[in-house]
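**Student:** The structure is given below, and queries will be raised subsequently.
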Amino acid sequence: MIARAGRLLSRLREIAAEIDFAQRRLLEIRTGIPLTPETERALARAEIARLETLYAHVHPDAERPCDAEPVLHDNRILGPPARR
């Protein structure tokens, strides 16, 4: 019984690997970018750089983090409300 369960798990892993390969291959065909470990790392680095750029350029109307320096606007300090 245990050997049968082991064979079943092994076959399920093989099927999952085949599906993963098929999805990766389809993505390669659609994008034209071969997904090797090097290209995956390059794509991840590009995405990280893009997100860091977006984070660095906070929209002026966006809520500021609590530890940010207070912003002066019309001689008033805009910041989080004081705790009572």
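**Student:** Those residues that are in contact with a strand residue (DSSP E or B) (Cβ under 8 Å, 6 or more places away or on another chain) and modelled with pLDDT under 60, I need them from segment 41-75; list them, please.
**Tutor:** From segment 41-75, those in contact with a strand residue (DSSP E or B) (Cβ under 8 Å, 6 or more places away or on another chain) are 64, 70-72; that's our starting set.
Hits for segment 41-75 are P70, V71, L72.
**Student:** Let me ask something else. Tell me the residue from E38, E28 that is in a helix (DSSP H, G or I), at pLDDT 85 or above, surrounded by 10 or more Cβ atoms within 10 Å (Cβ to Cβ) and not hydroxyl-bearing (S, T, Y), please.
**Tutor:** Numbers: E38 fails: surrounded by 10 or more Cβ atoms within 10 Å (Cβ to Cβ).
So the residue among E38, E28 that is in a helix (DSSP H, G or I), at pLDDT 85 or above, surrounded by 10 or more Cβ atoms within 10 Å (Cβ to Cβ) and not hydroxyl-bearing (S, T, Y) is E28.
The values are calculated or read from the model by the stated rules, or taken from the named source; none is laboratory data. Remember, predicted model here, so these are calculated numbers, not experimental data. FYI the Cβ positions are ideal-geometry reconstructions off the backbone, even for glycines, and counts take in every protein chain you see.
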